[in-house]
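Following: one structure in structure tokens, then a few remarks.
The values are calculated or read from the model by the stated rules, or taken from the named source; none is laboratory data. Note that this is a predicted model, so its numbers are computed, not measured. With ideal geometry, Cβ positions are generated from the backbone for all residues, glycine too; neighbour counts draw on all protein chains shown. Areas reflect the complete protein model, heavy atoms only, side chains present, ligands, DNA and RNA absent. Shrake-Rupley method; radii C 1.70, N 1.55, O 1.52, S 1.80 Å.
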Amino acid sequence: MARIGFVGLGNMGAPMARNLAKAGHQVAVFDIVPAALEAASAAGLAPAASAADAARGAEVVVTMLPAGQHVRAAWLGEGGMAAASDPGAVLIDCSTIDVATAREVAAASNREMLDAPVSGGVMGAEAATLAFMVGGTKPGFARAEPILQAMGKKIVHCGEAGAGQAAKLCNNMILAATMLVTCEGFILAERLGLTHQALFDVVSNSSGNSWAMSTYCPVPGPVPGSPANRDYRPGFAAALMAKDLGLAQEAAQGSGANTPLGAQALELYQRFLDAGGGGKDFSGIIELLRKG
Ligand code: NAD
């Protein structure tokens, strides 16, 4: 069992850290928000005095932070975790951030560092069923894999540093565009006098099928567990989807990739956020599309 430092105890990080402890690891935790640290401590995790303190002496150090600037500051800033960590430690950033920052922080850390963003949301974090997409060296991946297994069920090595973030951004861009066109399908069906159930029964068994249709159906009824059945309570909040679409467009511009549907998806989600939809599930965008 490993000594692990874990920093960032928000919606995702707190249950992930708890699952590491449940698997028998010794976990020292830190968050800049005192209430988050107190809650983790009450759940039996050892609170550290600072992020650097959580990293010190650990064999594995994990972060789960909001965005690239937090990741850069936590690892490389003054009192940074990279310098405080053991030179032989494996560093794993599970946050969703831009590819360029992931590469920059990994290179500057002077350690074996992996980017390992996740898919599966808060429910996946709690149930330890997250999917991890990992960028970094093969030996680094081999050392990180057993640790990630305590928090997830599917762990894929995608390539060198930044490759995990690249996979995550591509996946979420595909998901957003698929969700949007699935919503449009239902809106067109409504105008043509087709019931939601009839469209679902056909498409979920036809070539138009997708996760957005069969698991996360954006209208109430056909898939009882989908957010549409609880007034679009997330799930996966539209604000997070907009963030990921922004990162995907940044990566597309930086690499010269042509992604017009990704660009359009970002524009539509931005409109949804401007209209107050940021806290709703991302499938709730059907309400904006209906209005036109
Ligand atoms: P969150 O805002 O709930 O948690 C982030 C935590 O980091 C907060 O508790 C904050 O206080 C802490 N923090 C920020 N800066 C810090 C610092 N310098 N030192 C220590 N702690 C610091 O966010 P979340 O929902 O847990 O998401 C975390 C990451 O996972 C994001 O990048 C998000 O895009 C990604 N993600 C989220 C979901 C989801 O469904 N919530 C799904 C997949 C991926």
Note down the magnitude of the dipole of the stretch 1-91 about its Cα centre, charges +1 on Lys and Arg C-beta and -1 on Asp and Glu C-beta and zero elsewhere, to the nearest 20 debye. 200
Using a/c under 1.5 as the rounded threshold, could you call the stretch 3-160 rounded, prolate or oblate? The axes a ≥ b ≥ c are square roots of the C-alpha gyration tensor eigenvalues, and prolate needs a/b larger than b/c, oblate otherwise. rounded
Measure nothing but the geometry: give the 0 to 90° angle between the long axis through the Cα atoms of 99-109 and the longest principal axis through the Cα atoms of the chain, rounded to 10°. 10
For the stretch 166-291, which whole percent of the accessible surface, found with a 1.4 angstrom probe, sits on carbon and sulfur atoms? 58
Measure off, as a whole percent, the carbon and sulfur share of the 1.4 Å-probe accessible area of the stretch 3-160, all protein chains present. 55
Given unit charges at Cβ for Lys, Arg (+) and Asp, Glu (-), the dipole magnitude of the stretch 3-160 about its Cα centre in debye, nearest 20, is 380
Surface per residue (accessible, 1.4 Å probe) for the stretch 166-291, Å²: 49
Residue-normalised value, i.e. accessible area per residue, for the stretch 3-160 at 1.4 Å probe, in Å², stands at 42
Mean Cα-pair separation over length for the chain, i.e. relative contact order, pairs under 8 Å, 6 or more apart, %: 12
Angle, helix 13-22 long axis vs. longest principal axis of the chain, Cα atoms, 0 to 90°, nearest 10? 60
Once Lys and Arg are counted +1 and Asp and Glu -1 for all other residues with Cβ under 13 Å from that of P139, the total becomes 0
